[in-house]
Amino acid sequence: MNPVDDLVRLCAGQRVFVLVGAGCSTESGIPDYRGPGTLQRARNPIQYRAFISDPAQRRRYWARSAVGWPAVGSAQPNPAHRALAGFEQLGLTPGIVTQNVDGLHQAAGSREIVELHGALREVICLRCGAIEPRAEMQRRIESLNGPIPDLARQMAALAPDGDAEIDPGSSFQVPDCRTCGGTLKPNVVFFGENVPRERVELCYRWLAESTAVLVVGSSLTVFSGYRFVKRAHERALPIGIVNLGPTRADALATLCIDGRAGTVLPSLLSQLARSRGET
Ligand code: NAD
């Protein structure tokens, strides 16, 4: 029996709470943190307190972000994102709860989304709260520091093994808020920072009206996503997981499919649509 058939049965006729992680976007070229092959290049992500309190850490964050942003900013949704948008169009879910910060669900056409950890496409001023598009911040970084390819070369020279901790040095300049001159931060939740309460409450409301749970491409190592699966298990909801490799919640799940989101989800969607006569 094809495991996707079991997942179809788990989701059919249900209102499905969908929780997504970085594994949904690896097929769009954005690496995850804890997939097969990623552990050896995992780095310690910046902590909120370090970013807030240390200008050198902020400089380092923004220099690396300036080099990394073009790849994230130009990434395109893959079949998994499009299948999840189809879930919403068929009325199968109250919405997508994503731990991703890449904006690819919107690009695929999803409308009801909670971006649990915020959005990289925005930059927020820590003093006045003004929001600026990340693309605009990139232009301002380039106008202060020169073209990004030059910066990338300079940083690669600082990291001869090509994958070491890099320090752009004190010459790198970080733009301030255009409105008040305050410190800017990407509008994402850093490690050591809390997810805003109203975001979490909306997820719990969606979970309360759901009758099944689908986890896609998340190791569930991070508690802010894991807690919803835990709550679903307490409510005895059926839980399906589509993930390459193990997750923290495998023991709570009704069904675990060790497969690629971009393959499993389109197949799931087309079978669910067919079972409702909407092919
Ligand atoms: P994670 O890296 O801990 O886990 C991702 C899981 O997805 C891994 O188990 C991996 O094996 C699996 N996976 C990889 N490719 C897959 C595929 N094609 N199909 C199915 N599974 C696949 O990710 P997480 O649980 O989301 O936690 C990481 C944290 O880092 C999140 O809080 C997130 O905000 C952040 N993050 C976001 C992005 C993004 O926005 N795309 C990328 C990296 C990290």
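Quick look at the numbers
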read-out: Convex hull (Cα only) mean projected area of the chain, reported in nm² to one decimal; value: 15.2
read-out: Ranking by accessible area, most exposed first, for 233, 81, 117 with a 1.4 Å probe; value: 233, 117, 81
read-out: Cysteines, the chain, no other Cys beta-carbon under 4.7 Å; value: 11, 24, 203, 256
read-out: Cβ-Cβ FRET estimate between residue 139 and residue 191, R0 fixed at 22 Å, reported to 0.05; value: 0.20
read-out: At 1.002 mPa s and 20 °C, Stokes diffusion of segment 182-251 via Kirkwood alpha-carbon radius, µm² per second; value: 158
read-out: Accessible area of residue 65 in the full protein assembly, 1.4 Å probe (Å², nearest 10); value: 20
read-out: Share, in percent, of DSSP beta bridges within the chain that are antiparallel, nearest 5; value: 30
read-out: Within the chain, longest stretch free of exposed GluC sites (Glu not before Pro) [DSSP loop, at most 14 other beta carbons within 10 Å]; value: 1-111
read-out: Value of D in µm² per second that Stokes-Einstein yields for segment 65-154, Kirkwood Rh from Cα pairs, at 37 °C (0.692 mPa s); value: 222
read-out: Choice from 139, 153, 58 showing the highest fluctuation, given a GNM over the chain with Cα pairs closer than 10 Å; value: 153
read-out: Rounded accessible area of residue 69 (nearest 10 Å², 1.4 Å probe); value: 40
read-out: For residue 17, residues with placed amide H under 5 Å, excluding near neighbours; value: 211, 212, 213, 214
read-out: Vicinal HN-Hα couplings computed from phi for segment 47-57 (Karplus, 6.51 cos²θ - 1.76 cosθ + 1.60; Hz; Gly/Pro x); value: 8, 3, 4, 5, 5, 5, 9, 10, x, 5, 5
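The values are calculated or read from the model by the stated rules, or taken from the named source; none is laboratory data. Keep in mind that what you see is a predicted model, and the values were worked out from it rather than measured. Here Cβ is always computed from backbone atoms with ideal geometry, including for glycine, and neighbour counts include all displayed protein chains. In case anyone asks, the SASA skips ligands and DNA or RNA and just uses the protein heavy atoms, side chains included. Shrake-Rupley method; radii C 1.70, N 1.55, O 1.52, S 1.80 Å.
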